[in-house]
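The values are calculated or read from the model by the stated rules, or taken from the named source; none is laboratory data. From a predicted model like this one, the values you see are computed outputs, not experimental measurements. A quick note on method: Cβ atoms are made from the backbone with ideal geometry, for glycine too, and the neighbour counts reach across all protein chains shown. Accessible surface areas use protein heavy atoms only, side chains included; no ligands, DNA or RNA. Shrake-Rupley method; radii C 1.70, N 1.55, O 1.52, S 1.80 Å.
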Amino acid sequence: MLISRGAPCRPTRQGEWLVRLGRQTRFLYDEAAQALAGATAIELPVAVNADSLAAWFRDVLAEVAAWEGTSVRLRVEDQAYSQELLRRGDVLAAVTSDSAAVQGCSVDRLGALRYLPVAAPAVVTRWRCGESLDWAAMPVVIFNDKDDLQHEMLRLHGVAHDPPVIHQVPATADFYAAVCLGLGWGMLPDPQARPALAAGTLLRLSPEDIDIPLYWQRWRLDSPKLAALTTAVRTAAATHLFSVG
């Protein structure tokens with residue numbers, strides 16, 4: 001069975017294989033047609049998490065901007081869930097936190113995106129108790145329901161329950177702005193937080209940080225365009241991410 005009946009109908013696991021094969025074949029056909037005739041535009045559907053897009057993946061976009069006849073179609077998805085897009089054939093490559101390769105894909109270890117606990121000076125002043133912070137009571141900003149980074153930091157400080165006030169801001173730029181405005185504390189990627197920390201508009205709350213290992217998974221295809229994209233991703237990651245063991 002290739003189609004699962006429902007509203008809407010969806011391909012079964014076997015059907016997903018055929019969908020992915022069809023999309024891979026179309027991609028290679030378009031690449032060959034462009035090489036031979038130069039008329040066909042090539043689409044590069046890629047999954048990337050919002051923080052990577054803000055913190056380091058823009059270097060990749062700057063590289064792709066110089067490629068003639070190439071369009072990038074980004075799918076913004078949490079790094080823990082982007083593999084499913086690869087599995088279904090919705091994207092040809094993805095930034096993911098899982099080192100286990102999707103069948104038919106290769107995996108490159110990129111490094112780790114480091115997250116720092118930060119807050120505006122007014123938040124630190126309000127919730128400081130002597131030499132320490134009241135982590136259990138301090139309001140916190142999270143990205144969405146999938147975002148566990150703040151709770152992981154709370155657990156590192158012995159807080160196992162939700163704080164009284166949890167704000168949710170599901171957009172990277174607005175999340176950053178909310179933390180800077182003093183809505184609460186949050187975990188920001190090191191490349192994004194560094195300028196504000198240097199300027200003193202944000203303060204680091206503790207020496208602990210959280211590293212999220214990132215991997216680049218891509219279809220295992222003999223494709224010059226996909227190889228060039230992979231090179232651009234490796235270069236950007238080497239510039240901005242922390243090396244992992």
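Some notes on this structure:
- Evaluated at q = 0.15, 0.19, 0.21 Å⁻¹: base-10 log I(q)/I(0), Debye formula over Cα of the range 65-116: -0.50, -0.75, -0.86
- Total charge dipole magnitude, the chain, about the Cα centre, Cβ charges on Lys, Arg, Asp, Glu only, Debye to nearest 20: 560
- For LEU110, distant residues with modelled amide H under 5 Å away: LEU214, TYR215, TRP216
- Difference of contour (0.36 nm per residue) and Cα-Cα distance, ALA100 to GLU208: 36.1 nm
- Only Lys, Arg (+1) and Asp, Glu (-1) charged, at Cβ; the range 106-245 dipole about Cα centre in debye: 440
- Each peptide in 108-117, 126-135, 43-52, 174-183 gets a packing score, the mean of other Cβ atoms within 10 Å over its residues, and the list from highest to lowest is 43-52, 108-117, 174-183, 126-135.
- Bins of 5 Å from zero: percent of alpha-carbon pairs in the range 186-241: 4, 14, 19, 17, 13, 11, 9, 7, 5, 1
- Considered as an equivalent ellipsoid built on the Cα gyration tensor, the range 72-201 has semi-axes of 32, 16, 13 Å, the largest given first.
- Peptides 56-69, 81-94 ranked from most to least packed by the mean count of surrounding Cβ atoms within 10 Å: 81-94, 56-69.
- For ARG75 and ASP174, the difference between the fully extended length at 0.36 nm per residue and the C-alpha to C-alpha distance is 33.8 nm.
- log10 of Debye I(q)/I(0), alpha-carbon scatterers only, for the range 98-165 at 0.15, 0.19, 0.27 Å⁻¹: -0.63, -0.84, -1.34
- Considering only beta bridges that DSSP places wholly inside the chain, some 65 percent are antiparallel.
- From the coordinates shown, P(r) over Cα pairs in 5 Å bins from 0, in percent corresponds to which of (1) 1, 6, 12, 14, 13, 11, 8, 7, 7, 7, 7, 5, 3, 1, 0; (2) 1, 7, 13, 17, 20, 19, 13, 7, 3, 1, 0; (3) 1, 6, 12, 15, 15, 13, 11, 9, 7, 5, 3, 1, 0, 0, 0: (3)
- Cα point-scatterer Debye curve for the range 150-245, base-10 log of I(q)/I(0) at q = 0.15, 0.20, 0.22, 0.24 Å⁻¹: -0.80, -1.12, -1.24, -1.35
- Fraction of accessible area attributable to carbon and sulfur, the chain (%, probe 1.4 Å): 54
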